[in-house]
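So the structure is just underneath, and the comments pick up after that.
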């Protein structure tokens, strides 16, 4: 239907289905086909993980206010049933997949295979650095099945909502900036022409303007609007008498820094050229960190960006994107877990002539 005529679509819903299918294949080696069936359990549980409901908000309040008693409280008032349901489903799914692979000697180059190696050997086979250090010589056991499932769930959560949200916001900005959209489309067309009409890992990384568009989207709409860090020693703030004591939790306001006019003039304007080599060289280094920074930055940032680039290329190369009348501006943020669009988000997709 999309190939034949212009239609209005809830782009956020479509992109969440896309990321569910991609992560299901890349992380678990499973085909979920949520593009055809939006009611699969994995998609439903992914939505619940990020939903902004009064039960979710109250659960977070209890956890932050009474951390040592949180589990007992939520059990008493019945808030843990959905969480337990998700946990049971996910662990069972991973366990069955792992059992099948091990019994049938199935090998697949994906994240789950690496986790299976960690479970069985305590390290990833072929890790030359570990071998040189002798780390593999005295390994007596790896991660447990529950730990394996937990890591797989983290991978799913990290790539499900955040990548879909990044693509949603990117298409919002492109719909409002047709000149930028067309410039990006021409870069994609040229890249496809040079690569036998195929998108490869190398060709995606080679598109400089696409990288700028993604970076500017993440500046204006970072999925994580603040970072939490624990101070590991007393720190005296320069030019002041203020001291941050050791073990104090510090919140870094990512969204505020990304929209500070001192670093980004006219921060409300979508301008991918802010991320040209020249422009980046003129800014302090710690004024852009949509994935965090340091040893605890986002482990899935490369995968997340690659997924977003692939999705954007697919849409922009096939459709002209415009705002639908159902979409009200300015948009409202939903901030319960990650920054996303509140409610549905409608865009018009008009097929391009080939």
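The values are calculated or read from the model by the stated rules, or taken from the named source; none is laboratory data. Keep in mind that this is a model prediction, so the values were computed, not measured. Note that each Cβ is placed from the backbone with ideal geometry, even for glycine, and that neighbours are counted across all protein chains shown.
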Problem - Test: residue 96 is modelled with pLDDT under 85, surrounded by fewer than 12 Cβ atoms within 10 Å (Cβ to Cβ) and assigned by TED's automatic domain parsing to the domain that holds residue 172 - result: no
Practice task
Assess whether residue 264 counts as being over 26 Å from residue 111 (Cβ atoms), more than 18 Å from the chain's Cα centre (by Cα) and surrounded by 16 or more Cβ atoms within 10 Å (Cβ to Cβ).
Solution key: yes
Exercise for the section: Evaluate the following for residue 316: is it assigned by TED's automatic domain parsing to the domain that holds residue 171, assigned to a helix (DSSP H, G or I) and buried (at least 19 other Cβ atoms within 10 Å of the Cβ)? Expected result: yes
Exercise for the section: May I ask you to list the residues in segment 212-233 that are touching a residue at least 24 places away in the same chain (Cβ under 8 Å) and assigned to a loop (DSSP other than H, G, I, E, B)? Expected result: 221, 222, 223, 224, 225, 226
Handout entry: Unmet requirement for residue 307, which otherwise passes all of (1) modelled with pLDDT under 90; (2) crowded, with 20+ Cβ neighbours inside 10 Å
Key = (1)
Exercise for the section: Kindly list the number of the only condition in (1) surrounded by fewer than 16 Cβ atoms within 10 Å (Cβ to Cβ); (2) closer than 30 Å to residue 97 by Cβ that fails for residue 179. Expected result: (2)
Completion exercise
Taking segment 164-211 and the residues there that are in contact (Cβ under 8 Å) with a residue 12 or more places away in the chain and in a loop (DSSP other than H, G, I, E, B), the one that is farthest from residue 290 (Cα to Cα) would be 199
Fill in the blank from the handout: residue 105 vs (1) surrounded by fewer than 12 Cβ atoms within 10 Å (Cβ to Cβ); (2) over 15 Å from residue 152 (Cα atoms); (3) modelled with pLDDT under 85: all pass except (3)
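May I ask you to say which residue of 155, 169 is modelled with pLDDT under 85 and under 17 Å from the mean Cα position of the chain (by Cα)?
After ruling out the rest, the residue left standing is 155.
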Exercise for the section: Might you check whether a residue that is buried (at least 20 other Cβ atoms within 10 Å of the Cβ), assigned by TED's automatic domain parsing to the domain that holds residue 219 and in a helix (DSSP H, G or I) occurs anywhere in segment 279-300? Expected result: no
Completion exercise
residue 247: passes all of (1) in contact with a strand residue (DSSP E or B) (Cβ under 9 Å, 6 or more places away or on another chain); (2) outside the structural domain of residue 310 (by TED's automatic domain parsing); (3) farther than 21 Å from residue 292 by Cα but (3)
Exercise for the section: Looking only at segment 1-50, count how many residues are modelled with pLDDT under 65 and touching a strand residue (DSSP E or B) at 6+ places or on another chain (Cβ under 9 Å). Expected result: 5
